[in-house]
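Undergrad: Have a look at this one before I ask anything.
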Amino acid sequence: MVSLMFLIAITLLTISSMGSSNMGLHMAQNEEARLVAEQGAQALADAIVSDPATTPVIGGSGYTICTPTETNCVSNSLPITNTVLSYAIASGHISAKVERIGLAFRPPSRLIESSIDKFSTASFEVTTTYDRVDERLGREQITEGVLVLVPKL
């Protein structure tokens, strides 16, 4: 009888630890999906910010250039040269929108070390979205501001 009680106690402890291990595994998978989503959205934002062709100084406030999957854009021809990101955009996993914001042109901030009389600036808001929720792989949206120096003519 005593050995049966020990066997039942050991079985209950084993079942409890298995449940705890499964919970830990799910938590780790969720954290990994969150990090992958954040890194995917940030990679696209970095690619956009590093390429001057993605922030053209045309149109006025509200002028938007987007990836093909985005809606309500002036143009759906955002140039992305990275092949991995282009494939992810074509697959519908990531998307981006670059919107011109603020005044048409304004003087550069004093923090920017340039001749204030030689440049003006144009402001953009870059919003990137990584969305693979259907596959249980996370969703993340990142918004960054970009200030482009424009030489005065």
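Read-outs: derived from the displayed coordinates by stated rules, not from any lab. Computed from a predicted structure; not experimentally measured. Cβ sites come from the backbone with ideal geometry, for glycine too, and all protein chains shown count toward neighbours.
Undergrad: Place a +1 charge on the Cβ of each Lys and Arg in the chain and a -1 charge on the Cβ of each Asp and Glu, then give the dipole magnitude about the Cα centre in debye, rounded to the nearest 20. Can you show the working numbers first?
TA: Working: 10 positive and 15 negative charges, 62 e Å.
For the chain, the charge dipole is close to 300 debye.
Undergrad: Which residue, GLY59, GLY92, GLY40, has the most motion in a Gaussian network model of the chain that connects Cα atoms within less than 10 Å?
TA: Fluctuation is largest for GLY59.
Undergrad: Sort 42-52, 26-36 by the packing proxy (mean of other Cβ within 10 Å over each peptide's residues), most packed first. Before the final figure, lay out each step's value.
TA: Numbers: 42-52: 17.3, 26-36: 12.4.
Averaged packing, sorted descending, gives the order 42-52, 26-36.
Undergrad: Kindly give Rg over Rh for the chain, based on alpha-carbon atoms, with the Kirkwood expression for the hydrodynamic radius. Spell out each step's value before the answer.
TA: Numbers: Rg = 24.7 Å, Rh = 18.7 Å.
Rg divided by Rh gives 1.32.
Undergrad: Could you work out [θ]222 nm for the chain from helices alone, using -39500 (n - 2.57) per DSSP H run of at least four and dividing by all its residues? Round to the nearest 500 deg cm²/dmol.
TA: Numbers: 2 runs with 57 residues, N = 153.
Here the helix-only value at 222 nm equals -13500 deg cm²/dmol.
Undergrad: Right, here's the next one. What percent does the relative contact order of the chain come to when contacts are Cα pairs within less than 8 Å and at least six residues apart? Mind dumping the intermediate values first?
TA: Working: 237 pairs, mean separation 36.4, N = 153.
Result for the chain is 24 percent.
Undergrad: Using the basic label-point model (7 angstrom from Cα toward the beta carbon), what is the ASN76 to LEU149 distance in nanometres?
TA: The two pseudo-label positions are separated by 3.7 nm.
Undergrad: I'd like the orientation of helix 2-50 relative to the chain: the angle between its Cα long axis and the longest Cα principal axis, in ° from 0 to 90, rounded to 10.
TA: Result, in degrees: 10.
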